[in-house]
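J.: The structure that follows is given in the form of structure tokens.
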């Protein structure tokens, strides 16, 4: 008979290792480093690599999160937080309850808006989540855009290159000029 037997000793050992990684993730937090697994796991890193592949791929295969995430890990983290909260998460939620920080997510996905869209939320969901954005995040983003552009951002630049929509600033501060002023940005020449 041809074909592979799914119940080989190698597959059994692989599943045992993945189960152990899941256990460590549940006990120690879902973000697992080599040090954490070496301390709390039942297998050596070499055994994990022999049966599953790289240590990082084993962490992912077990459904846990590696310490050094890639773009897909960040998307999974946003999805997991949404499931936990039963709503669209905000950047503040990510900082307080997420597997990775808001800054880590943005570093891999360019913006919080892009992170939410990559996690499957539509534009209306993304806009709804922006009502809960901490003022400090909004002001820091205006400063980042100003530094990047070399001048205060215009409405179009905020919508095209910014993390948050222009309407978010307008709702929060009443105008772009007021938001720039609150951020300490001179806005004389800004296209407001």
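J.: Using 0.36 nm times the number of residues separating residue 56 and residue 42, minus their current alpha carbon distance, what extension gain do you get?
T.: Working: separation 14, 0.36 × 14 = 5.04 nm, distance 1.67 nm.
Result for the pair: 3.4 nm of gain on full extension.
J.: Would you work out if region 1-110 is rounded, prolate or oblate? Take a ≥ b ≥ c from the square roots of the eigenvalues of the alpha-carbon gyration tensor; rounded if a/c is under 1.5, else prolate when a/b is larger than b/c, oblate otherwise. Display every interim value, and only then the final one.
T.: Working: a/c = 2.38, a/b = 1.91, b/c = 1.24.
Prolate, since a/c reaches 1.5 and a/b exceeds b/c.
J.: Give me the percent relative contact order of region 71-121, please, defined on Cα pairs under 8 angstrom at least 6 residues apart. Show your work: numbers first, answer last.
T.: On the way: 48 pairs, mean separation 22.4, N = 51.
RCO, region 71-121: 44 percent.
J.: Arrange 146, 33 by Cβ neighbour counts within 10 Å, fewest through most, would you? Please list the in-between numbers first.
T.: Details: 146 20, 33 14.
The order, fewest Cβ neighbours first, is 33, 146.
J.: Suppose only helical runs count, i.e. DSSP H with n ≥ 4. What mean residue ellipticity at 222 nm does that imply for the chain under -39500 (n - 2.57) per run, divided by all residues and rounded to the nearest 500 deg cm²/dmol? Display every interim value, and only then the final one.
T.: On the way: 13 runs with 123 residues, N = 192.
Taken over the chain, the calculation gives -18500 deg cm²/dmol.
J.: Taking the highest mean first, how do the peptides 96-102, 163-169 order by number of other beta carbon atoms within 10 angstrom per residue? Before the final figure, lay out each step's value.
T.: Numbers: 96-102: 17.7, 163-169: 20.1.
Packing proxy ranking, top to bottom: 163-169, 96-102.
J.: Can you give me the relative contact order of the chain as a percent, contacts being Cα pairs under 8 Å and 6 or more apart? Write out the running numbers ahead of the final one.
T.: Numbers: 201 pairs, mean separation 25.4, N = 192.
Rounded, it is 13 percent for the chain.
J.: What shape does region 133-182 take by its C-alpha gyration tensor, where a ≥ b ≥ c are the square roots of the eigenvalues and a/c under 1.5 counts as rounded, a/b above b/c as prolate, and the rest as oblate? Mind dumping the intermediate values first?
T.: Working: a/c = 1.41, a/b = 1.32, b/c = 1.07.
Rounded, because the longest to shortest axis ratio a/c is under 1.5.
J.: Which one of 155, 114, 28 has the biggest mean-square fluctuation once the chain is modelled by GNM with Cα springs under 10 Å?
T.: 28
J.: Here are a few candidate values for volume of the Cα convex hull per residue in Å³: [x] 104; [y] 129; [z] 154. Which one was actually calculated from the structure I just gave you?
T.: Here volume of the Cα convex hull per residue in Å³ agrees with entry [z].
Every read-out reported here was derived from the displayed coordinates using simple, explicitly stated rules and does not represent laboratory data. Remember, predicted model here, so these are calculated numbers, not experimental data. Backbone-built Cβ (ideal geometry, glycine too); neighbour counts: all protein chains shown.
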